[in-house]
1. Carbon and sulfur together cover what percent of the accessible area of the range 146-186 at a 1.4 Å probe radius?
2. What is the gain in length, in nm to one decimal, between SER227 and GLN84 on full extension, counting 0.36 nm per residue of separation less the C-alpha to C-alpha distance?
3. Between Rg and the Kirkwood Rh of the range 58-111, both from Cα atoms, what is the Rg to Rh ratio?
4. Go through the range 242-283 and name the GluC sites (Glu not before Pro) that are in a DSSP coil and have 15 or fewer other Cβ atoms within 10 Å of their Cβ.
5. For the range 157-212, what mean projected area does the convex hull of the alpha carbons give, in nm²?
6. Calculate, for the range 164-225, the solvent-accessible area per residue in square angstrom, rolling a 1.4 angstrom probe over the heavy atoms of the protein chains.
7. With contacts defined as alpha carbon pairs under 8 Å and 6 or more residues apart, what's the relative contact order of the range 94-183 in percent?
8. Hey, what did the range 96-251 get for relative contact order, percent, Cα under 8 Å, at least 6 apart?
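The values are calculated or read from the model by the stated rules, or taken from the named source; none is laboratory data. Not measured: the values here are computed from a predicted model. Positions of Cβ are generated from backbone atoms using ideal geometry, with glycine treated the same way; all protein chains shown enter the neighbour counts. Each accessible area value is taken on the protein alone, full model and side chains, heavy atoms only, with ligands, DNA and RNA left out. Shrake-Rupley method; radii C 1.70, N 1.55, O 1.52, S 1.80 Å.
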Amino acid sequence: MDELGAATREFGGHREMLRGARHQPFSQNWPPWLRTWCTIDNRVTRVAWLNRSTILYAGNDKWCLDPRVVLLSNTQTQYSIEIQNVDVYDEGPYTCSVQTDNHPKTSRVHLIVQVSPKIVEISSDISINEGNNISLTCIATGRPEPTVTWRHISPKAVGFVSEDEYLEIQGITREQSGDYECSASNDVAAPVVRRVKVTVNYPPYISEAKGTGVPVGQKGTLQCEASAVPSAEFHWYKDDKRLVEGKKGVKVENRPFLSKLIFFNVSEHDYGNYTCVASNKLGHTNASITLFGPGAVSEVNNGTSRRAGCIWLLPLLVLHQLLKF
């Protein structure tokens, strides 16, 4: 008998010999069986396979109750068994024990079961107000224990934001909204990746309020653009009166983040100051926009009218705020 026993694992038609008295990894990603054998000769009178102190087979007789353990061969040259559907509980030493005319001999193979990473728990998508704190969780299993990392999927993000199962963000800002990617890896297989969407709510902020100069009888458009989450609702006012859809010659077009007040046939009565109000559940803001005639165009272009306009629009903004109480 060869003093060293042997074991094999087979995958994709390839066979790898596992010599005795050493540790050997076995991945569950491969076809889930393990074949192990002893090479024997005609001096052997008795043979047995053991897992730790449990006898699996003694000769042709099966001693264990596990249906996954099968005797493959008991000949003058080879004594082999197969373990089907290998899992982590099968890890440990496997011993081939033989009795010869002179004395017993043994050989051993230690099976190490590797398991690819799996994310078993991850936070749900979350919506949170700006300035609050959040905690994201990503729990993964595998053998060896996988490394868990968090990454912010954003053009402005640089590298990992956390190398832990937990991601804590204090005082979150609108720039930190978006997808957060959890990755679990242990080199057994490709990393497993899951994502959590973080929505950061914040009150409206008017980024552009665009007036225009239009001659009488022409079409004119006032534009108001606001950033907000949830998206802002827009309302238009002239003096202290709200403009409603359907007013003759005027149309309001609202889109996410943008509102337009369209005049199809501008009259002298239409000239003046308008207020755009953007609001959501977290707050509101407003901006004053002017529709002016062709005589004021040159003043705006040379930069004098816009500064003066800020002064006479101020009382309107104060009145607009008082009307809300």
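1. 46 percent
2. Values: separation 143, 0.36 × 143 = 51.48 nm, distance 5.99 nm.
The span from SER227 to GLN84 would gain 45.5 nm if fully extended.
3. Rounded to two decimals, Rg/Rh equals 0.98.
4. Values: sites: GLU245, GLU253, GLU268; in loops: GLU245.
Those satisfying the criteria are GLU245.
5. 6.4 nm²
6. Per residue, the range 164-225 has an accessible area of 51 Å².
7. Relative CO of the range 94-183 lands at 25 percent.
8. RCO, the range 96-251: 19 percent.
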